[in-house]
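Novice: I am attaching a structure below and will ask some questions about it afterwards.
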Amino acid sequence: MQPAKQILPLIVFSQFCCTSLWFAGNAVMPELILNFDLNDKAIAHLTSAVQFGFISGTLIFAFLSLADRISPSKLFFISAIFGAICNLGIILGNNDLNTLLLLRFLTGFSLAGIYPVGMKIAADYYDKGLGKSLGFLVGALVLGTAFPHLLKTLTGTEDLPWRFVIIATSIFACMGGLLIFIFIPDGPFRQAKTKFKSIAVFSVFKNKSLRSAAFGYFGHMWELYTFWAFVPLILAAYKFSLPQSNFTVPFWSFLIIGIGGLSCIMGGYISEIAGVKKTAATALLLSGVCCMIFPFIFLQDSTAVFLAFMSFWGIMVVADSPLFSTLVAINAPPKIKGTALTIVNSIGFAITIGSIQLTTYLHQLQPVYSLSLLAIGPALGLWGLFRK
């Protein structure tokens, strides 16, 4: 067995490789719209298809308690290979909106065996310092989510075809799955369930502290993925409204989303001093403030101020994510820890679909003020986190 100190870097890198599948479609959305004759609403539908696939997968995984009944490493590997194949299907020339929706749905389904299962693997290895460990893990998710935008930057500067983004992310996903399968055995703190009990799904929220953490996470999720999905659109709209501004949209999309990976790691360290709950609440509050003041920043004419604000929002919007997962993990019974993480993830991502669709609709009516609606999530999340 690998020493525990070598396990975390392997899990983190594998998580980064595999979660690059998540926004691979979004990074090349203009090319998909052009090549497959899609309408402007495709970004909402294709993003929601991934989320819906993830939700469906997590519900099935949670109901069957797969992450607690079989080897998480094997489940991670199978999901990574399946996701890579589905992602690769995007490059086929005979796709239309329906086939693209199906492929993105199946890719999202595969991610249910990657993101929460990766957290389960980390929890099986790190009983103490779990917040810091999950900070690195969610940081890898954030960088993986941003990575396709960096690849898209290369397609613009190196004259590479957009299909390069899809092929590269699929290769990375296969590599991440293989690393977990070969080098990461079951952890020392894993308590496997031998029998299927559907009641495990319904017993997750009996714990009051777990419920509190889950509601905070749900509020956080209302904002997070909608913000990530809209970052390229926000940047493009600002650049259009201010022709003298000079910045590259794909590169800054990568930077604004990817910088959140560092905040996840720093949040893990800060939480060991200030406390997990307090650190998560502070980040949630600050991201909510960003939602509310966004229109004023968008309407001013300093590009430097705008990009600095967007970067700060990118830091705050995800800093609390690993901390809420930590609160869920430490308050869940050990034998259903994987199920608890999976079901909470599932509900959280279901919330993102409503947020993405509603914000897309409002964005068409009033682009500048539509993102202020995201402040509802942090407000309700803080209420759920601290209500008695």
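Just so it is clear, none of the values below were taken in a lab; they were calculated from the coordinates. In this text, all values refer to a predicted model and were calculated from it rather than measured experimentally. Neighbour counts run over all protein chains shown; Cβ positions are idealised from the backbone, glycine included.
Novice: Putting +1 on Lys and Arg Cβ atoms and -1 on Asp and Glu Cβ atoms, find which of 265, 290, 341 reaches farthest to the positive end of the dipole of the chain.
Specialist: My answer, from the dipole projection, is 341.
Novice: In addition: Between residue 335 and residue 242, what FRET efficiency follows from the Cβ-Cβ distance if R0 is 51 Å, with the result rounded to 0.05?
Specialist: 0.35
Novice: Please give the helix 376-386 orientation as an angle from the longest Cα principal axis of the chain, in degrees from 0 to 90, rounded to the nearest 10.
Specialist: 30 degrees
Novice: I would also like to ask the following. Using a 10 Å cut-off on Cβ atoms, rank the peptides 176-183, 267-274, 380-387 from the highest mean neighbour count down.
Specialist: By packing density, highest mean first, the sequence is 176-183, 267-274, 380-387.
Novice: Loop only per DSSP, at most 12 neighbouring Cβ atoms within 10 Å: give me the chymotrypsin sites (Phe, Trp or Tyr not before Pro) in region 81-122, ordered by residue number.
Specialist: The qualifying sites: there are none.
Novice: Tell me what the chain gives for mean residue ellipticity at 222 nm when only DSSP H runs of n ≥ 4 count, each as -39,500 (n - 2.57), the sum divided by the residue total, rounded to 500 deg cm²/dmol.
Specialist: -26000 deg cm²/dmol
Novice: While we're here: Could you rank the peptides 55-63, 243-251 by their average count of other C-beta atoms within 10 Å per residue, with the highest value first?
Specialist: 55-63, 243-251
Novice: Where the only charges are on Cβ atoms (+1 Lys, Arg; -1 Asp, Glu), what is the dipole of the chain about its Cα centre, to the nearest 20 debye?
Specialist: My answer is approximately 1640 debye.
Novice: Past the 26 Å Cα-Cα mark, which pairs from 152/239; 132/208; 277/335; 152/278?
Specialist: Checking Cα-Cα distances, 152/278 exceed 26 Å.
Novice: Just to confirm my numbers, what's the Cα centroid distance between region 242-310 and region 25-44 in Å?
Specialist: After rounding, the separation between the Cα centres reads 26 Å.
Novice: Moving to a separate point now. For region 135-187 and region 329-388, write down the distance between their C-alpha centroids in whole Å.
Specialist: So the two Cα centres are separated by 25 Å.
Novice: Classify region 339-388 as rounded, prolate or oblate from the Cα gyration tensor: take a ≥ b ≥ c as the square roots of its eigenvalues, call it rounded if a/c is under 1.5, otherwise prolate when a/b beats b/c and oblate if not.
Specialist: oblate
Novice: Go through 78, 210, 179 and say which Cα lies farthest out towards the positive end of the charge dipole of the chain; charges sit on Cβ, +1 for Lys and Arg, -1 for Asp and Glu.
Specialist: Most positive-ward Cα: 210.
Novice: Where the only charges are on Cβ atoms (+1 Lys, Arg; -1 Asp, Glu), what is the dipole of region 54-156 about its Cα centre, to the nearest 20 debye?
Specialist: It works out to roughly 140 debye.
Novice: Would you mind putting 283-293, 143-153 in packing order, based on average other-beta-carbon counts within 10 Å, highest first?
Specialist: The densest-packed peptide leads the list: 143-153, 283-293.
Novice: So, one more: Name the residue farthest towards the positive end of the dipole of the chain from the options 117, 46, 361, assuming +1 on Cβ of Lys and Arg, -1 on Cβ of Asp and Glu, about the Cα centre.
Specialist: Working it through, the farthest residue towards the positive pole turns out to be 117.
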